[in-house]
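The values are calculated or read from the model by the stated rules, or taken from the named source; none is laboratory data. All figures in this text were calculated on a predicted structure; none of them were measured in a lab. Glycine also receives a Cβ, built like all others from the backbone with ideal geometry; neighbour counts cover every protein chain displayed.
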Amino acid sequence: MENSNHIQCNYIFQGDCLDLSRQIPDGYVSMILTDPPYGISYRNNFSSQKHSVLEGDGGIDYERMAEESYRILKDNSHAYFFTRFDCYPYHYKCLEKAGFTIKNCMVIEKGAVGGIGDLKGSFANNSEWLIFCQKGRRTFNRTCLLENKNKEGTQFHHGRKPSAKYKTRFNACWFGEEYPKATYHPIWQKKHEIYHPTIKNAEFLSWLIQISSLPGELVFDGFMGTGSTALAAIQTGREYLGAEIDPDYYRIIQKRLHDKI
Ligand SMILES: C[S@@+](CC[C@H](N)C(=O)[O-])C[C@H]1O[C@@H](n2cnc3c(N)ncnc32)[C@H](O)[C@@H]1O
């Protein structure tokens, strides 16, 4: 790719994200929103479409990924890393060791409940987990994403001025009608013929982008999959940069960004 003095924006590298990030100067990106492989062998069989085993499912060097993420992120910026309950302690440790301040574990409702695992002896996984980190400190943007219940503002405590019409404080758990879902329903994948076992909903990602970055800023995702983060960045007027190692998924990204779906 480009030399380190000139990193192209709105660009997705087909290859290992660590090869890309090595070329990115310190503090270059304004936000990280990424969904690394969890080191599991994940193959499901929905929509009668077999997904290939994901690249990296044998495990990525998470510690190094965390260090590089911290290095390329601008001071006073936000980073979100998708995780899963059983990998969470390790991911948390690596991100903390890399220097991040870990603020929350977000829990977001999925668009459909998966049918894998011990169907009769475990609870259905109906959520996605995200580790929300800061490098330094950045406050959330004021957005129009969620209205307060009382449209003119909510009276939190007796005698206090009503808050603004739009929420400025979000819950860490996003469930129910008012929030976008973390993933698509299988019918969506079938309709658009975009198949990936861990695809995320671009609208949901666009909410995080609007909360944590400004128009024109650069959002980084080293594990693009089908390009959901790039699409969300485009839809919200941000720039994107990232990588995808699998040539088949890389082709889907090109199609998805072209068709804007
Ligand atoms: C969990 S999926 C991301 C899915 C994505 N959020 C979406 O909405 O489509 C992780 C992706 O990382 C890719 N991957 C695995 N190891 C990688 C590496 N070292 N560098 C870049 N991409 C990698 C996999 O091929 C996979 O598509």
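Quick test for you: out of Ile261, Ile209, pick the one residue that is buried (at least 24 other Cβ atoms within 10 Å of the Cβ) and either under 17 Å from the mean Cα position of the chain (by Cα) or more than 12 Å from the ligand (Cβ to nearest atom) (or both).
Ile209
With the requirement that a residue be within 12 Å of the ligand (Cβ to nearest atom) and part of a helix (DSSP H, G or I), what does the range 226-250 give you?
Residues satisfying the conditions are Ser228, Thr229, Ala230, Leu231, Ala232, Pro247, Asp248, Tyr249, Tyr250.
Looking at the structure I just gave you, is Glu152 under 27 Å from Leu218 (Cα atoms) and either modelled with pLDDT of 95 or more or not hydroxyl-bearing (Ser, Thr, Tyr) (or both)?
no
Restricting the search to the range 2-36, which residues are modelled with pLDDT under 95 and surrounded by 16 or more Cβ atoms within 10 Å (Cβ to Cβ)?
Of everything in the range 2-36, just one residue is modelled with pLDDT under 95 and surrounded by 16 or more Cβ atoms within 10 Å (Cβ to Cβ), namely Ile7.
Restricting attention to the range 125-138, does a residue exist that is at pLDDT 95 or above, acidic (Asp, Glu) and on the phi < 0 side of the Ramachandran plot?
Yes, the range 125-138 contains a residue that is at pLDDT 95 or above, acidic (Asp, Glu) and on the phi < 0 side of the Ramachandran plot.
What do you reckon, is Glu178 within 15 Å of the ligand (Cβ to nearest atom), of a type in the set (D, E, K, R), free of Cβ contacts under 8 Å to residues at least 40 places away in the same chain and more than 21 Å from Tyr11 (Cβ to Cβ)?
When the stated conditions are applied, Glu178 does not pass them.
When you look at Lys200, is it under 22 Å from Asp246 (Cα atoms), of a type in the set (D, E, K, R) and either free of Cβ contacts under 8 Å to residues at least 12 places away in the same chain or in a loop (DSSP other than H, G, I, E, B) (or both), yes or no?
yes
Condition check: modelled with pLDDT under 95, over 20 Å from the mean Cα position of the chain (by Cα) and farther than 25 Å from Thr229 by Cβ. Does Glu193 satisfy that?
no
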